[in-house]
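Some notes on the structure that comes next.
The values are calculated or read from the model by the stated rules, or taken from the named source; none is laboratory data. Quick caveat, the model's predicted, so the values are computed rather than measured. Ideal geometry is used to build each Cβ from the backbone, glycine not excepted, and the neighbour counts take in all protein chains shown. Note: areas computed on protein heavy atoms with side chains; ligands, DNA, RNA excluded. Shrake-Rupley method; radii C 1.70, N 1.55, O 1.52, S 1.80 Å.
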Amino acid sequence: MYKILEKQSLTPSIHLFKLDAPRVAAKASAGQFVIIRNGDKGERIPLTLADWDAAEGTVTVVFMEVGKTTVELATLKAGDSLSDFAGPLGLPTHIDNYGTVVCVAGGFAVATIMPIARALKQAGNRVITIMGFRSKELLFWEKEVGRWSDELVITTDDGSYGRKGLVTEPLRDLLAAPDNNISRVIAIGPTVMMKFVSKTTEPFKTRTLVSLNPVMVDGTGMCGCCRVTVDGETRFACVDGPDFDGHLVDWDELMARQKSYLAEEVKSLEQWKCQRGTCQTEGK
Amino acid sequence: MAKLNLNRIEMPRQDPLERGRNFEEVALGYTPEMAAEEASRCLNCPKRFCVSGCPVNVDIPEFIVALKENDLPKAAEILKRKNALPGICGRVCPQESQCESQCIMNRQGAPVAIGRLERYVADWERENPSGKPAEIVPSTGKKVAVVGTGPAGLTCAAELAMLGHKVDMFEALHVAGGVLMYGIPEFRLPKEIVQGEVKYVESLGVTLELNAVVGKIDSVDELLAAGYDAVFLGTGAGLPMFLGVPGENLSGVYSANEFLTRVNLMKAYLFPEYDTPVQVGRKVAVIGGGNVAMDAARCALRLGAEVSVIYRRSREEMPARHEEVENAEEEGIKFRLLTNPTGFTGDEKLQLKSMQCVEMELGEPDASGRRRPIVKPGSDFSLDVDVAVIALGTTPNPLIAQTTVGLETNKRGTVVADEATGKTKKDRVWAGGDVVTGSATVISAMGAAKRAAADMDRFLRS
């Protein structure tokens, strides 16, 4: 069992757990993920690492309430435990001194860009971070990410904070600037965001790494559920990734595979709510 | 003395139509009367041909004699002396090509149903535990890490523990058992039986650490540096192979590993009670002709689909056990033999809709000795399918090899190890089972693990 030592709600639907997981903490690197499971009937889901402390033996993950599993996770409190927590999985994000790097993150993935920005900064890069949210109320970790960024740009879809618009707009401005010396872009967030970040950087031929988040089961290379086509080749995001060249990813295929269980996800959540007496169809 | 029955006693099975709609065990096991009658067919030959056919050399005539004498505790003890997992082996061993193929009764009729008797004794013992602890030799003070808890890892751990060594097992998944849990379906091998046998191994003093992906947490080298005197690799062959044809990554196309893991390990057949879903499909095609293909096909059928097995050679070349093919056929699974998929097509949402195939014919024998399938020109056709499961076999997961210094592997990614001893090219590291041979059987993995354990014991005591 993996005890939750600390829980924070970063926004009403985005939560942070700091867990006791010394094995994972001892080996964790930026860009890696864990597979977690909550209880005997739970599914295995991947969560990218938001932070870790090897000395303390703790690992921090951040998740957003989307389906049954994450909604149920959000009901856990400090002192509760997760039944399973396996990792660190996947290959670490490759860190080097590239010069100037732009980190782009959207939504709850802002938590997972933090360790990447930190590692890049510590490796001597000039780090520009763009983080996008739907609205001001959903913003979190401005300070935490800002600490490792030479420049921090925040966008909101509704203009309630920072620049109004999508993350691709300030990114395009940076790339189009006459003094552009950006050597790579690293993006993590919703698939559609990573797709459009890649489309934005493509004409500038700026190397762009994306951290893919396909559906996974085992997360160790056994099932192939997370396979993605990259440069015409089938790769497993869990063991060959999760980072890939965004210009070479077959985005439409990835998005279709991510939608494989939409109907089941709705059903699962609805049934869970009904069991707790909070469902829509209750009493009908 | 009663006349010897030349026919074996059939084991009752669930009715095919009934069982095609549930995940309960198909074969129901012998009654005490059936077991007694089948046991009476064993001639207790002085030359123990059957034992030589068993990869772990179970003392077959001896346990059957105990059974004849109705001394079930003794029968169980004899079995467990050589085989820590009899409930599993009694169900999934290909006895027809091992112990039973050597039985003298083959000359006059049917061989003694050794596997069914083994299962009977194991099941009896599970329901009537003696509580008597297994005999364990005094502690040697040596420590061994066993990586992987499938048939090889469990066997090696049990053997070494009984020989007085301290054993820690590491399992990547959230439950021990490896392919016995994620691969073989409930209706062929109930998971309760697997867990019962895992508990037995733990009762020998073996510790089990779950969610521990060796190579991602400590590497093999780090385990050795941290105080383990030896390491056994029983990590299996978990990397699925694909066809390499267009459309293979459409939604609705599964590897057999994924399909079976969802259904067996994660219990998708109980969705939404269990969280993990699986696409049930209306028309399912399973591609391949091995036991895994049969397992996947029979799972898909039980989920409610119309299922066809697509195999590029003819029935004779099918690597699946005859019994499994028969079971599948009885349940209503169709076979499209001499057929090979050439591509998959999806709808606008990239969900699988159809599969393109060609017909094949058999040419001259190839390297495997089987007749090579050749495409029949102009035989292209299309099949309506919404789920496809690719069961073409597996190769070892490269993680351990990539993270272990000096561990030699061959071209197929399998670990190079001495066949007689399981010793790898790396100091203090042994390996056995599918990680060495590529996908094979549960019992051959157990045999390799036993040989490795014997060699490890020699090393640890020297």
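Number of residues in region A:148-170 that are more than 19 Å from the chain's Cα centre (by Cα) and either farther than 25 Å from A:Phe204 by Cβ or open to solvent by less than 20 Å² (accessible area, probe 1.4 Å) (or both): the value is 6.
Would you check if B:Pro46 is without any contact (Cβ under 8 Å) to a residue 40 or more places away in the chain, loosely packed, with under 14 Cβ neighbours inside 10 Å and either over 24 Å from the mean Cα position of the chain (by Cα) or within 30 Å of B:Leu301 (Cβ to Cβ) (or both)? Taking the combined requirement at face value, the residue satisfies it. Residue under question is B:Val231, and the condition is that it be of a type outside the set (D, E, K, R), open to solvent by less than 20 Å² (accessible area, probe 1.4 Å) and more than 27 Å from B:Asn340 (Cβ to Cβ); does it hold? Yes. Taking B:Leu392, is it in contact with an Asp or Glu (Cβ under 8 Å, 6 or more places away or on another chain) and open to solvent by 40 Å² or more (accessible area, probe 1.4 Å)? The answer is no for B:Leu392. Put simply, of B:Thr149, B:Thr235, B:Thr155 the only residue that is of a type in the set (Val, Ile, Thr), under 27 Å from B:Val92 (Cα atoms) and within 13 Å of chain A (Cβ to nearest Cβ) is B:Thr235. The single condition from (1) of a type in the set (A, V, I, L, M, F, W, C); (2) more than 10 Å from every other protein chain (Cβ to nearest Cβ); (3) farther than 21 Å from A:Gly241 by Cα; (4) buried (at least 22 other Cβ atoms within 10 Å of the Cβ) that B:Ala225 fails is (4). Applying the condition of being more than 20 Å from A:Val197 (Cα to Cα) and touching a residue at least 60 places away in the same chain (Cβ under 8 Å) to region A:123-138 and asking which residue is nearest to the chain's Cα centre (by Cα) yields A:Leu138.
Scan region A:28-64 for residues that are surrounded by fewer than 20 Cβ atoms within 10 Å (Cβ to Cβ), over 30 Å from B:Val263 (Cα atoms) and within 14 Å of chain B (Cβ to nearest Cβ) and jot them down. Scanning region A:28-64 gives A:Ser29, A:Ala54, A:Gly57. If you filter region A:65-107 down to residues that are of a type outside the set (Asp, Glu) and assigned to a helix (DSSP H, G or I), you find that the one that is farthest from the other protein chains (Cβ to nearest Cβ) is A:Gly107.
Being modelled with pLDDT under 95, out of contact with any Leu (no Cβ under 7 Å at 6 or more places or on another chain) and not polar (S, T, N, Q) is true of B:Cys45. Checking B:Thr140, B:Thr149 one by one, the residue that is closer than 17 Å to B:Ala452 by Cα and polar (S, T, N, Q) is B:Thr149 and no other.
For region B:177-216, taking the residues that are within 13 Å of another protein chain (Cβ to nearest Cβ) and free of Cβ contacts under 8 Å to residues at least 40 places away in the same chain, the one that is farthest from B:Asn22 (Cα to Cα) is identified as B:Leu210. The criterion of being out of contact with any Leu (no Cβ under 9 Å at 6 or more places or on another chain), open to solvent by 70 Å² or more (accessible area, probe 1.4 Å) and under 30 Å from B:Gly215 (Cα atoms) does not hold for B:Ser97. Looking at region B:183-203, which of its residues are of a type in the set (A, V, I, L, M, F, W, C) and either open to solvent by 40 Å² or more (accessible area, probe 1.4 Å) or assigned to a loop (DSSP other than H, G, I, E, B) (or both)? Of everything in region B:183-203, those that are of a type in the set (A, V, I, L, M, F, W, C) and either open to solvent by 40 Å² or more (accessible area, probe 1.4 Å) or assigned to a loop (DSSP other than H, G, I, E, B) (or both) turn out to be B:Ile184, B:Phe187, B:Leu189. Taking region B:342-365 as the range and being in a strand (DSSP E or B) and either touching a Gly at 6+ places or on another chain (Cβ under 7 Å) or among the basic types (Lys, Arg) (or both) as the test, the residues that pass are B:Gly343, B:Phe344, B:Thr345, B:Gly346, B:Gln351, B:Leu352, B:Lys353, B:Gln356. In summary, helices (runs of 4 or more DSSP H) completely within region B:72-123 and bearing 1 or more residues that are within 17 Å of the chain's Cα centre (by Cα) and charged (D, E, K, R) occur at B:86-92.
Give just the number: which of (1) in contact (Cβ under 8 Å) with a residue 60 or more places away in the chain; (2) within 23 Å of the chain's Cα centre (by Cα) does B:Thr342 not satisfy? For B:Thr342, the failing item is (2).
Of everything listed in (1) at pLDDT 95 or above; (2) within 22 Å of B:Leu17 (Cα to Cα), the single unmet condition for B:Met266 is (2). Taking region A:163-271 as the region of interest, the strands (runs of 3 or more DSSP E) fully inside it that hold 1 or more residues being without any contact (Cβ under 8 Å) to a residue 12 or more places away in the chain and within 14 Å of chain B (Cβ to nearest Cβ) are A:233-236. Do we have B:Leu208 as open to solvent by 30 Å² or more (accessible area, probe 1.4 Å), within 28 Å of B:Thr339 (Cβ to Cβ) and in contact with a strand residue (DSSP E or B) (Cβ under 6 Å, 6 or more places away or on another chain) here? Answer is no for this residue. Where the second residue is among the aromatic types (Phe, Trp, Tyr) and part of a strand (DSSP E or B) and the first is more than 14 Å from chain B (Cβ to nearest Cβ) and lies in region A:9-26, which pairs have Cβ atoms under 9 Å and are six or more apart or on separate chains? Close Cβ pairs satisfying both conditions: A:Thr11/A:Phe133; A:Ile14/A:Phe63; A:His15/A:Phe63; A:Leu16/A:Phe63; A:Phe17/A:Phe63. Residue-level check: of (1) farther than 22 Å from B:Val179 by Cα; (2) open to solvent by less than 20 Å² (accessible area, probe 1.4 Å), B:Gly87 misses just (1). Just one of the numbered conditions (1) open to solvent by less than 20 Å² (accessible area, probe 1.4 Å); (2) at pLDDT below 95 is not true of B:Glu316: (1). With the structure loaded, tell me whether B:Glu248 is among the acidic types (Asp, Glu), at pLDDT 95 or above and open to solvent by less than 20 Å² (accessible area, probe 1.4 Å) or whether it fails that test. Taking the combined requirement at face value, the residue satisfies it.
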